[in-house]
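Enquirer: Pasting a structure below so you can have a look.
The values are calculated or read from the model by the stated rules, or taken from the named source; none is laboratory data. Quick caveat, the model's predicted, so the values are computed rather than measured. Here Cβ is always computed from backbone atoms with ideal geometry, including for glycine, and neighbour counts include all displayed protein chains.
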Amino acid sequence: MDNLQRGEELNQLSRLLFNKASSKWYRAILIEILAGTLGCIVAVLELPIEWNTKLAIIGFILLIISYFFKIQYFDLYDSAETMRRQSVLTEALNWPIGKVQFSEWRLKAGTKILKLFKAEARNKEYYATQETPSPKRLLEITIESAFWTRHLYKKLIPYIAVLLVASIILIFITLSITPFPQIPSEQKLKITYFIYLFLPMILSIDIIGWLIKVIKLANNIKSAENDMEKLLESSEIKIEQVMRLVSEYNCQVVSGFPIPNFFFKLSYNEITELWKCR
């Protein structure tokens, strides 16, 4: 297997691993919400002690599962990002991948990912560049990667904003119920207590943090993309300059935000057209 073929395979494996990591992260978030909501309900409702105990145990188990999924996410995402960077260097500069390391990455991907890899071949025109292995090819590949990542983040921002606004509206509606005179004082107390428990859960999910992070990532990637475009237009492209800009881009995506696979597929055609018109 030559370097180019290894690079293509490693790139496809990294993409599938990113999808797996993303699903772990969103599962963890959903389980956290479920566990938090369950805890709020248990605290407010007057249930028999045996039911409170059972539900508390269920909530604790859910939190452990959520924590386990998050650990898996960070491990998978780090591996996928390392694989992606190596695949780019191999495809762009024809740098070799050690046989031992290559086998380790295949092992890391796991049986399910390898089966998906065999079933889902990478698009033959995955990269638009027609350059032979060179610093210019590396630059063009990274520009294309930055373009896609930036657009995915930009398209994700409105969805996160909607979640944030929906959470605020839900809290506002709940708060506005308590002053109603027709609601018994005992029920008001329970509603207030539920809000008191529910707010920390919303804050712990940190939707505001998601929004700030994605906006910052999109802006930083745009800045790196502009610098790469300027270098591409210059008369002389040196490997040192390219590696510096590629490293700047990698520093942004290494702590990136997980993109759901369904969202990527939903945005694929539109971003493809934007890239062609670029």
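Enquirer: For residues that are buried (at least 16 other Cβ atoms within 10 Å of the Cβ), without any contact (Cβ under 8 Å) to a residue 40 or more places away in the chain and either β-branched (V, I, T) or touching a strand residue (DSSP E or B) at 6+ places or on another chain (Cβ under 8 Å) (or both), tally how many sit in the range 19-56.
Expert: 2
Enquirer: Looking at (1) more than 11 Å from P135 (Cβ to Cβ); (2) in contact (Cβ under 8 Å) with a residue 60 or more places away in the chain, which one does E233 not meet, given that it meets all the others?
Expert: Against the list (1) more than 11 Å from P135 (Cβ to Cβ); (2) in contact (Cβ under 8 Å) with a residue 60 or more places away in the chain, E233 comes up short only on (2).
Enquirer: Do you know which residues across the range 254-274 are hydrophobic (A, V, I, L, M, F, W, C) and exposed (fewer than 15 other Cβ atoms within 10 Å of the Cβ)?
Expert: Hits for the range 254-274 are V254, F262, L266, L274.
Enquirer: Something else: Can you pull out the residues in the range 22-67 that are acidic (D, E) and either in contact with a His (Cβ under 9 Å, 6 or more places away or on another chain) or part of a helix (DSSP H, G or I) (or both)?
Expert: E32, E50
Enquirer: Can you tell me which residue within the range 154-168, out of those that are at pLDDT 90 or above and not hydrophobic (A, V, I, L, M, F, W, C), is surrounded by the fewest Cβ atoms within 10 Å (Cβ to Cβ)?
Expert: Across the range 154-168, the extreme among qualifying residues is P158.
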